[in-house]
Structure formats: structure tokens, C-alpha cells
Amino acid sequence: MPLDPFLKQAVHSTRWRIAAVVVILAVIATALLGGFRSAPKRVGASGPGARVTVGALAVQPLRAWVDRRDPKGFDDRSGKDVLVLEAVVENLTKASSNYYLPEDLRWLTGAEDYKGSKADVIYLVDDLTLHDYLHPRLPMRVLLCWKIPKDQSLPQPARWGLYQRRFVEKAYVNNESGWMQDGPGMTLKLPVEDRRTGAAP
């Protein structure tokens, strides 16, 4: 059966090759390092207000809360609550990106969660529009939101994992440069304010 022309073009596309290599390396690195299971000696911990850098990103976590409504004031249609992390984030690379923040900042849902959960939605604090691109060296204040089961209790402090990235001058496959995910970089610990009324203890 002949290969679809689109697939042929994708196989020979440099961008597709780069994407495939990045995904494979990220999976291998995460598997080898055990996600955020890594020893405390390797992964540092930080609290509210402290700015941390992990290669491609700088993150300053400010506060966290859980509420019945999202930051725009809307109830979730599925009846879930919303966990919100407010932070100042900065793209430390030389190019605008909408990739590193949602991929690398994960909520660690419990003591046995070592890979983390990506935010369901990210808003800009200024006007509550959806996060799009982070431009180089331009700090942005954002609200990262996760949907959680109604009345779910959260461990105190809650934990977020921030993956490390390193810049590779020349990739093995195509000699092109890029920021590669390099395993866990930092654990963020913040108390979570419960703004729900009538929430379960």
C-alpha cells in the first residue's frame, strides 16, 4: 500500500523530525529519572514568593487557592471545583513560546504523583484573557487552573513540579539547536486557601 503523500512529506519534514526527537527524549528522560520521584538532593524545593529558574523558564509562585468558581467567576458545568496557582512567569529563551509553561509546570496531585498534571487553562491576571505566548524576558502574571472533584481536600502545602530544560546547541539527528526537557528541576510548595463555602473538611 503506497504511503499517503501527507505522511511522506511529514516524514521528510525537519520540524516533524525535531518534534519526534524531543518527545522521545522527554519520555526517556522522565522514565529514567522517575518523574518527580527523584531524590530531594537532585530536586530543590521552594515556597511562595521565591523566584526559581529552570533553564527555559523563571517562575515566582505567589499564592494558591481552591474555589467553586474559576477566576472569571463562572461555575464549572461539570460541578467541579477549581485549584488556582497565581505566579509570575518569564520566558528565558530568545524566542516567543506557548509551549514551555503548560508542559513544564505541573500540579503534583498527591504524595504518589511523580509526573504531575498539566493546567486545564491558564489566564493572564491583567485582563483574564487566555495565556498565549510568553515573549522573551517579559515577566507575566498568570493564573494556572486545574479542575478537581467537588469538595476534594488538598494536602497542605500543595506541591507543583517544575521540569528543567537545557539548551542543546546541535541535536544528534539534524544538527539543529533547541531547549530539551531534562527531568525534574524544582518542587514548589504553597499553602492552599480554601474559598469554598460549605466545603467538606
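Structure values in brief
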{"item": "Segment 134-170: trypsin sites (Lys or Arg not before Pro) in DSSP loop, at most 14 other beta carbons within 10 Å", "result": "ARG137, LYS150, LYS170"}
{"item": "Segment 89-149: GluC sites (Glu not before Pro) in DSSP coil with no more than 10 other Cβ atoms inside 10 Å", "result": "GLU112"}
{"item": "Filter on LYS147/LYS189; LYS72/LYS94; LYS94/LYS189; LYS94/LYS115; LYS80/LYS118 - keep pairs with C-alpha separation over 23 Å", "result": "LYS72/LYS94; LYS94/LYS189; LYS94/LYS115"}
{"item": "Segment 73-139 versus segment 43-63: alpha-carbon centroid distance in Å", "result": "14"}
{"item": "Inter-site label distance for ALA50 and ASP113 at 7 Å from Cα along Cβ, in nm", "result": "2.2"}
{"item": "Nearest-10 value in Å² for the accessible area of ASP194, using the 1.4 Å probe", "result": "70"}
{"item": "Distance between modelled label sites at ARG69 and LEU138, nm, 7 Å Cα→Cβ extension", "result": "3.0"}
{"item": "Solvent-accessible ranking of TYR114, TYR133, largest area first, probe 1.4 Å", "result": "TYR133, TYR114"}
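The values are calculated or read from the model by the stated rules, or taken from the named source; none is laboratory data. Treat the numbers as computed from the prediction; the structure is a model and nothing was measured. Here the Cβ is made from the backbone with ideal geometry for all residues, glycine too, and neighbour counts use every protein chain on show. Calculation scope for accessible area: heavy atoms of the full protein, side chains included, ligands and nucleic acids excluded. Shrake-Rupley method; radii C 1.70, N 1.55, O 1.52, S 1.80 Å.
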